[in-house]
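Colleague: Shown below is the structure under consideration.
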Amino acid sequence: MDVIPGAREVAGCRVCGATDWQEVLSLGLVPLANRFLDPASSHGDEPYFPLRVLSCRACRLMSLDHVVDPEILYRDYLYITPESETIRRHMRNVVDLFCERFGPEAGDLVVEMGSNIGGQLRLFAGKGMRVVGVDPARNLADVAEANGIPTVPEFFSVDTAAAVRDSHGAAKLLLGRHVFAHIDDLAGVLDGAERLLVPDGVFAVEVPYVLDMLATTAFDTIYHEHLSYFSVGTLSVLAERHRMRIVDVARSSVHGGSVLVFMARRGSKWRSTAAVERLRGLEHDFGLYGDRVYRRFAEDVMRVCEELPRIVRGIATEGGTVAGYGAPAKGNTILNVCGLGRDVVAFCSDTTPLKQGKLLPGTHVPVCSPQEARLRGPDHYLLLAWNYAEEILRKESGFLAGGGRFILPIPRPVLVDSAEEAVEALQSAVQL
Ligand code: TMP
Ligand code: ZN
């Protein structure tokens, strides 16, 4: 195996240490999903890395087989949690779920890793809790600080945990939303949680739920930042190896299907709810512990990768114009893996100012604002941000009324012309 600069090949499983891997899927050499390019600079040195997924036969962690250096990925980061009603509602739910289940008091400390610009913490602060963010993206930590959310511009580790505890005291809650899957040293994070939390403290992580990813063929969840694809069963193994246990779980449709998992020390006062066992049972019934379900996933992905370019190229051949709706990281997996470049995707519209005016990694499709997209008036949008389908299709009712159509890439590529149709197509694949 060649040594790839900036990346390391995985040997043992980061959850259980085993080395018996099932090879699930290879998506080829792919550029980094959030490495948007400046049109003025040279693109000759754009780094590509293998994007391959394995499944650990011992604990069934799905994992990439290469880990790209986090300093390359995260120090300057342009994913800003979007101003979206879907996300806002979800963040409020996270606060309510925690408060109802674990009854924190005003003045308790909540620490969030991967806190981005502080939107989630602001809601906890609104409930009277003290808050501290931890995020390695210095550009985002600066914005959070300016918004009044104290933020440590570091990766979360035992050292960061100790420093936060020294200056703010022990935490009632350590939260990591959509960050745990990005972390290679899970043991370091769990040790940090142990260091930081009060005896009955809670460590909550929200991750893309592997069951949803497999059921909806959401292979675009796979990009170099997502090192791990977790089930509740796999997270239980991890918790137990660190003298913790899962005490509650909550599924949601956010980011295409996620699960929020609450862990507490084994000796704490919290008991596991029936929901934990129920999800573990569902995972078992779905076949997560055998090889077959992963082989089927790979076949489903290959089918999407054949059908989607056929649809998009068909529209272009008939004189239609296709643009991308949203420029999410995951959209770059779809475009690069399906070979959809600027010859067929005219541009992508995205609400994030940091992305506008840039080119997408690999395909070099230009990104513009929604206002500019409206002026350019494509007749089809490839819905790369399909996890906001309902919100987006409602917002774009004018485009739809004028005969415009959205191409929903997964679970199977289809044309849709209403929010209801899109939601139904997505939900039809989800396992309840
Ligand atoms: P995410 O799924 O990782 O949150 O990324 C969604 C991307 O889509 C993000 O770059 C913002 C963009 N977006 C739009 O352009 N329009 C929208 O209406 C929404 C909800 C998101
Ligand atoms: Zn394992």
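The values are calculated or read from the model by the stated rules, or taken from the named source; none is laboratory data. What you see is a predicted model, and the numbers here were worked out from it, not measured in a lab. For neighbour counting, all protein chains shown are included, and Cβ atoms are generated from backbone atoms with ideal geometry for every residue, glycine included. The accessibility values were calculated without ligands, DNA or RNA, using every heavy atom of the protein model including side chains. Shrake-Rupley method; radii C 1.70, N 1.55, O 1.52, S 1.80 Å.
Colleague: Would you list which lysines come within 17 Å of Lys330, measuring only between C-alpha atoms, while excluding same-chain residues fewer than 8 positions from it?
Modeller: The qualifying lysines are Lys355, Lys358.
Colleague: Take the Cα of Thr321, step 7 Å along the line toward its Cβ, and report every residue of the range 385-410 whose backbone nitrogen sits under 19 Å from that point.
Modeller: Those under the cut-off are 396-407.
Colleague: About the Cα centre, and with charges only on the beta carbon of Lys, Arg (+1) and Asp, Glu (-1), how big is the dipole of the range 316-427? Nearest 20 debye, please. It would help to have the intermediate numbers written out before the result.
Modeller: Details: 10 positive and 12 negative charges, 86 e Å.
In debye, rounded to 20, the range 316-427 gives about 420.
Colleague: Go ahead and collect, in residue order, the members of the range 68-106 whose backbone nitrogen is under 12 Å from a label point 7 Å along the Cα-Cβ direction of Lys127.
Modeller: Only 91-106 fall inside the zone, counting backbone N under 12 Å.
Colleague: For the chain, take the longest principal axis of its alpha carbons; what is the angle in degrees between that and the long axis of helix 85-102, to the nearest 10 within 0 to 90?
Modeller: Approximately 20 degrees, to the nearest 10.
Colleague: On the principal axes of its Cα set, how long, how wide and how thick is the chain? Give whole Å, largest value first.
Modeller: Its Cα atoms span 65, 48, 44 Å along the three principal axes.
Colleague: If you don't mind, another one. Run lengths n ≥ 4 of DSSP H only: what is the helix-derived mean residue ellipticity at 222 nm for the chain, with -39500 (n - 2.57) per run over all residues, to the nearest 500?
Modeller: Working: 15 runs with 155 residues, N = 432.
Mean residue ellipticity at 222 nm (helix-derived): -10500 deg cm²/dmol.
Colleague: How large a share of the accessible area of the range 85-290, in percent, is made up of carbon and sulfur atoms when the probe is 1.4 Å and the other protein chains stay in place?
Modeller: Numbers: 3660 of 7310 Å².
Ligands and nucleic acids excluded, carbon and sulfur give 50 percent.
Colleague: Something else: Could you run the Debye sum over the Cα atoms of the range 74-151, one equal point scatterer each and no solvent, and tell me log10 of I(q)/I(0) at q = 0.18 Å⁻¹, two decimals?
Modeller: So the normalised log intensities work out to -0.71.
Colleague: Which FRET efficiency, nearest 0.05, do Ala163 and Arg92 yield, Cβ-Cβ r, R0 22 Å? Walk me through the numbers before you get to the answer.
Modeller: Values: r = 30 Å, r/R0 = 1.35.
Once rounded, the FRET efficiency stands at 0.15.
Colleague: Nothing charged except the Cβ atoms of Lys and Arg (+1) and of Asp and Glu (-1): what's the magnitude of the dipole of the chain about its Cα centre? Round to the nearest 20 debye. Display every interim value, and only then the final one.
Modeller: On the way: 45 positive and 55 negative charges, 176 e Å.
Once rounded to the nearest 20, the dipole reads 840 debye.
Colleague: Further question: What full-extension length gain, to one decimal in nm, is calculated for Arg57 and Ala170 as 0.36 nm per residue of separation minus the Cα-Cα distance? Spell out each step's value before the answer.
Modeller: On the way: separation 113, 0.36 × 113 = 40.68 nm, distance 3.71 nm.
Result for the pair: 37.0 nm of gain on full extension.
Colleague: Let me ask something else. Cα to Cα, under 22 Å, and not fewer than 8 places away if on the same chain: which lysines meet these conditions relative to Lys127?
Modeller: Those lysines meeting the cut-off are Lys172.
Colleague: Let me ask you something else. Could you compute Rg(Cα) / (2.2 N^0.38 Å) for the range 85-290, with N its residue count? Intermediate results must be reported in sequence, preceding the final value.
Modeller: Working: Rg = 16.1 Å, N = 206, 2.2 N^0.38 = 16.7 Å.
Ratio of Cα Rg to 2.2 N^0.38 Å: 0.97.
Colleague: Let me ask something else. Using modelled backbone amide H atoms (1.01 Å from N, in-plane), which distant-in-sequence or interchain residues come within less than 5 Å of Cys368's amide H?
Modeller: Amide H neighbours of Cys368: Cys348, Ser349, Asp350, Gly357.
Colleague: Would you compute, for the Cα atoms of the range 325-432, the largest minus smallest coordinate along each principal axis and list the three values in descending order, in whole Å?
Modeller: 38, 30, 24
Colleague: Roughly speaking, what is the stretch gain from Arg138 to Glu390, that is 0.36 nm per residue apart minus the C-alpha to C-alpha distance, in nm to one decimal?
Modeller: Contour length minus the Cα-Cα distance gives 87.4 nm.
Colleague: Restricting the calculation to Cα positions, tell me the Rg (one decimal) and the Dmax (whole number) of the range 44-103 in Å.
Modeller: 18.2, 54
Colleague: If you don't mind, another one. Under 19 Å from a point placed 7 Å out from the Cα of Glu71 along the Cα-to-Cβ direction: which residues of the range 223-251 have their backbone N that close?
Modeller: 225
Colleague: What does the accessible area per residue of the chain come to in Å², with a 1.4 Å probe and no ligands, DNA or RNA counted? Show your work: numbers first, answer last.
Modeller: Numbers: 17300 Å² over 432 residues.
Result: 40 Å² of accessible area for each residue.
Colleague: Could you state the angle between the C-alpha long axis of helix 186-196 and the longest principal axis of the C-alpha atoms of the chain, as a value from 0 to 90 degrees rounded to the nearest 10?
Modeller: With both axes taken from Cα atoms, the answer is about 50 degrees.
Colleague: Right, next: Can you find, among Ile246, Cys56, Val301, the residue farthest towards the positive end of the dipole of the chain? Put +1 on the C-beta of Lys and Arg, -1 on that of Asp and Glu.
Modeller: Going by the Cα projections, it comes out as Ile246.
Colleague: For Glu145 and Val198 in the same chain, what is the full-extension length gain: residue separation times 0.36 nm, less their Cα-Cα distance, in nm? All intermediate terms of the calculation are to be shown ahead of the outcome.
Modeller: Details: separation 53, 0.36 × 53 = 19.08 nm, distance 2.53 nm.
Between Glu145 and Val198, full extension yields an extra 16.6 nm.
Colleague: Relative contact order for the range 316-427 using alpha-carbon pairs under 8 Å, separation at least 6, rounded to a whole percent?
Modeller: Numbers: 188 pairs, mean separation 26.7, N = 112.
Dividing the mean separation by the residue count of the range 316-427 yields 24 percent.
Colleague: Assign unit charges at the C-beta atoms only (+1 for Lys and Arg, -1 for Asp and Glu), then state the dipole size of the range 129-262 relative to its Cα centre in Debye, rounded to the nearest 20.
Modeller: Values: 10 positive and 17 negative charges, 80 e Å.
That gives a dipole near 380 debye.
Colleague: Can you give the FRET efficiency for Ser41 and Arg271, using 1/(1 + (r/R0)^6), R0 = 51 Å, r = Cβ-Cβ distance, to the nearest 0.05?
Modeller: Values: r = 56 Å, r/R0 = 1.09.
For R0 = 51 Å, the calculated efficiency reads 0.35.
Colleague: Right, another one. Can you tell me the orientation of helix 329-338 relative to the chain, as the angle in degrees between its alpha-carbon axis and the longest Cα principal axis, to the nearest 10?
Modeller: Approximately 50 degrees, to the nearest ten.
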